[in-house]
Amino acid sequence: MLNAPGQREEAMAIAVMLREALETEGRTAALVTPDRTLARRVAAALDRWEIAVDDSAGRPLSNTPVGAFLRLAAHACAEQLAPVALLALLQHPLAAAGEAPAVFRARVRRLDREVLRGPRPAPGFAGLYALLADQPPRIALSLRRGLERLEQLAHPFLDQLARDESTLAELLDAHLRFAEGLAAARIDGVVMPGPTRLWAGEAGEAAALALADLMDAAPSLGSLAPRHYPALFETLLAQTPVRPRFDRHPRLAIWGPLEARLQRPDLLILAGLNEGTWPAQSDTGPWMSRPMLQALGLPQPERAIGLAAHDLSQALHAPALVLSRAARVEGSPTVPSRWLTRLAAVAQAAGLGGAWAEAEARGAERLAWARHLEQPPGPPARTRQPAPCPQVKDRPRRLSVTRVETWMRDPYALYAEFVLRLRELDPLDADPSRADYGTLIHGVLEDFVRAWPRALPPDPEAELLRLGRARFGALMTRPGVRTFWWPRFQRIAAWVARRERERRPALAETLAEVQASLTLEGPEGPFVLTAKADRLERRRDGSLDIIDYKTGALPTLAEVDAGLSPQLPLEAALAQSGAFAGVGAAPVAGLSFWRLSGDAQGGTARPASKDPQAAAQTALAGLQALIRLFDDPATPYMARPHPDHAPRFNPYQHLARVREWAGGED
């Protein structure tokens, strides 16, 4: 008797018992269950020992490689080549579009990394071609050739799906022609036609026969809206089983209750003994009540329960028997089968409680075996905090002021970015993120300052809104941007306009996105510090104010003074040394943050330091000390050396495996 905590553990324990049966020469074993999910889990668990078991129900055609390829082709075109659906299709092993598979896969990887990441493009091939405009000419030319070939193959099918109404025969024909064209490949210099690759093997043959029958029956189905075609096709495909003809273990099997009626293995495992599974729930359906069924001479739903009870009672006579159930399935608690409950009650009434307990103990033992297989030997070992020490020549010699903060708070992130050269990919089909929002706001204010560096326009707020509409542009078609971001920007524009009117009379000039570069000497050679100031204001007395725009949280004054947020102090040091292009050396009178939150006030201004001169000197001295420290080859790039000051956002934290070594206080 096996009582597993979940279906995964139940499947693994059953696989262990089936494998145990093979230790006895000539012994046969079978799993009987009406639960197809459990049967697939057991078959997958047996792969651990390279055992292919014969499943009498086969595998749905829709789950085979051929079926998956056909489904993906339908969904990709129905979704007008949306990035996720398109890449799922193009990354399938059968996709080659007449090229060598390795060449085609390399092109698809480049399309993934360089083009499709980020917000969803416009529908169809027009949107994909528009994205190529931002790529280097050589990359754009290579990808355009691949897209033109794909468009040639998909065009008839896309035309069918774009209609208001079409017949199933027309849709199916265009669909299969597209799939066959996409499956064509050049292997070892020899062109293999798409049908040869697509309809090969047991699954391919089953698919060809099933789709030929569907094509014959299509005229009787009439016309339909093409948007329903992918779901209809997938449903029809799932009803066709694919059964292997050979290469299955001769002594193991997975049966349904019907196949088990006339077969008797040496070991029989009855699994899935939960209410709703064995027996299944009785349901008359939405169309006829029980009296209607009786009047028409149709069987009542309870008849299926009686047949299931008969199957179970017959199976209980097996030479060796295992009864199995899971306490939870897909996270939901289950109720033991009524027959299992009655067997336990009868065993107790007949004085066989000890034997029943022994059976449960044997089941618990097999469950422990299964758990042991998935546990590494020995006690859990705590992972060490990563501390890589790359050679000095591989360490970064050029950093921006924003990266200096990362260098202090989490050197490992700097190591991953500049030494390992790892970059976080944008998600596919992404909604615009908070970073995109910040970029938009920065861009609008940059446009405004560049257009009006000295005098203000007659209506600063109206000018900001005009520039905002140009920057937001196509993103205004997205509901989230139109509903949340644009109203926030309107409040920001009003606040910035008020600030501009207050500040401009005392200013001689305002500059935006001014770049700076300063070379510092280190023990192992020069080190270049770069910066791009959001806003530089030159007062009429010649001194400078440096302002940094923030759409998120601001660093505290304590963090700035302690050197943990050195961006603005380092920019002040650069300004005092004349490192900003076209600005010249000048004293810095003020460092400020503008928090552009877009709340009811629109924004707030806050000084970054009470003493800009001292903050600049402290930050520059700290940077020089940091350069000297990391020019020592023995200095490691530790992950989060000071957990209390770790960065808020770190895309490399999972690479450092922080949760495996950090203490509870981290």
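Output the residues belonging to the stretch 142-151 that are under 19 Å from ALA183 (Cβ atoms) and either in contact (Cβ under 8 Å) with a residue 24 or more places away in the chain or surrounded by 16 or more Cβ atoms within 10 Å (Cβ to Cβ) (or both).
The answer is GLY146, LEU147, ARG149, LEU150, GLU151.
Does ARG325 qualify as being of a type in the set (D, E, K, R), touching a Leu at 6+ places or on another chain (Cβ under 7 Å) and assigned by TED's automatic domain parsing to the domain that holds ARG19?
Taking the combined requirement at face value, the residue satisfies it.
Need pairs with beta-carbon distance below 6 Å; first residue within 24 Å of ILE441 (Cα to Cα) and within the stretch 516-542, second of a type in the set (Phe, Trp, Tyr); sequence gap 6+ or separate chains.
ALA516/PHE580; ASP534/TYR549
How do the helices (runs of 4 or more DSSP H) wholly within the stretch 1-103 filter down when requiring 3 or more residues that are acidic (Asp, Glu) and in the same structural domain as LEU268 (by TED's automatic domain parsing): which remain?
7-21
Just to check your reading of the model, which residue among ARG640, ARG628, ARG606 is closer than 21 Å to LEU507 by Cβ and of a type in the set (Lys, Arg)?
ARG606
If only one of ALA512, ALA562, ALA493 is hydrophobic (A, V, I, L, M, F, W, C), in contact with a Lys or Arg (Cβ under 7 Å, 6 or more places away or on another chain) and either surrounded by 20 or more Cβ atoms within 10 Å (Cβ to Cβ) or in the same structural domain as TRP594 (by TED's automatic domain parsing) (or both), which one is it?
Step by step, each of ALA512, ALA562, ALA493 is checked, and only ALA512 is hydrophobic (A, V, I, L, M, F, W, C), in contact with a Lys or Arg (Cβ under 7 Å, 6 or more places away or on another chain) and either surrounded by 20 or more Cβ atoms within 10 Å (Cβ to Cβ) or in the same structural domain as TRP594 (by TED's automatic domain parsing) (or both).
Within the stretch 347-400, track down each residue that is touching a Gly at 6+ places or on another chain (Cβ under 8 Å) and under 25 Å from LEU629 (Cβ atoms).
Of everything in the stretch 347-400, just one residue is touching a Gly at 6+ places or on another chain (Cβ under 8 Å) and under 25 Å from LEU629 (Cβ atoms), namely ARG397.
Only one of PRO411, PRO380 is farther than 25 Å from ILE546 by Cβ and surrounded by 14 or more Cβ atoms within 10 Å (Cβ to Cβ); which?
After ruling out the rest, the residue left standing is PRO411.
Assuming ALA210 fulfils every condition listed in (1) out of contact with any Ser or Thr (no Cβ under 6 Å at 6 or more places or on another chain); (2) hydrophobic (A, V, I, L, M, F, W, C); (3) modelled with pLDDT of 90 or more apart from one, which condition is it?
(1)
In the list PRO319, PRO286, PRO291, which residue meets the criterion of being loosely packed, with under 13 Cβ neighbours inside 10 Å, more than 20 Å from ALA43 (Cβ to Cβ), in contact (Cβ under 8 Å) with a residue 24 or more places away in the chain and out of contact with any helix residue (DSSP H, G or I) (no Cβ under 9 Å at 6 or more places or on another chain)?
Only one candidate passes the filter, namely PRO319.
Table: residues versus (1) within 26 Å of ARG120 (Cβ to Cβ); (2) touching a strand residue (DSSP E or B) at 6+ places or on another chain (Cβ under 8 Å).
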position: ASP429; (1), (2): yes, no
position: TYR437; (1), (2): yes, no
position: VAL449; (1), (2): no, yes
position: ASP459; (1), (2): no, no
position: ALA462; (1), (2): no, no
position: LEU465; (1), (2): no, no
position: ARG469; (1), (2): yes, no
position: VAL481; (1), (2): yes, no
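Quick check: is even one residue across the stretch 573-583 surrounded by 15 or more Cβ atoms within 10 Å (Cβ to Cβ) and either in contact with a Ser or Thr (Cβ under 7 Å, 6 or more places away or on another chain) or among the aromatic types (Phe, Trp, Tyr) (or both)?
yes
Which of the residues that make up the stretch 34-90 are in contact with a Gly (Cβ under 8 Å, 6 or more places away or on another chain) and among the hydrophobic types (A, V, I, L, M, F, W, C)?
LEU38, ALA57, LEU61, VAL66, LEU81 - these are the residues of the stretch 34-90 that are in contact with a Gly (Cβ under 8 Å, 6 or more places away or on another chain) and among the hydrophobic types (A, V, I, L, M, F, W, C).
Look through GLY272, GLY222, GLY276 and report the one residue that is assigned by TED's automatic domain parsing to the domain that holds ALA68 and on the phi > 0 side of the Ramachandran plot.
GLY222
Given the criterion small (Gly, Ala, Ser), modelled with pLDDT of 90 or more and not in a loop (DSSP other than H, G, I, E, B), identify the matching residue among ALA573, ALA558, ALA585.
Result of the check over ALA573, ALA558, ALA585: ALA573.
Return a yes/no flag: does the stretch 162-171 have any residue that is surrounded by fewer than 20 Cβ atoms within 10 Å (Cβ to Cβ), in the same structural domain as PRO83 (by TED's automatic domain parsing), under 28 Å from the mean Cα position of the chain (by Cα) and small (Gly, Ala, Ser).
Looking for residues that are surrounded by fewer than 20 Cβ atoms within 10 Å (Cβ to Cβ), in the same structural domain as PRO83 (by TED's automatic domain parsing), under 28 Å from the mean Cα position of the chain (by Cα) and small (Gly, Ala, Ser), one finds none in the stretch 162-171, hence no.
The values are calculated or read from the model by the stated rules, or taken from the named source; none is laboratory data. Just so we're clear, the structure is a prediction, and the values are computed from it rather than from any experiment. A quick note on method: Cβ atoms are made from the backbone with ideal geometry, for glycine too, and the neighbour counts reach across all protein chains shown.
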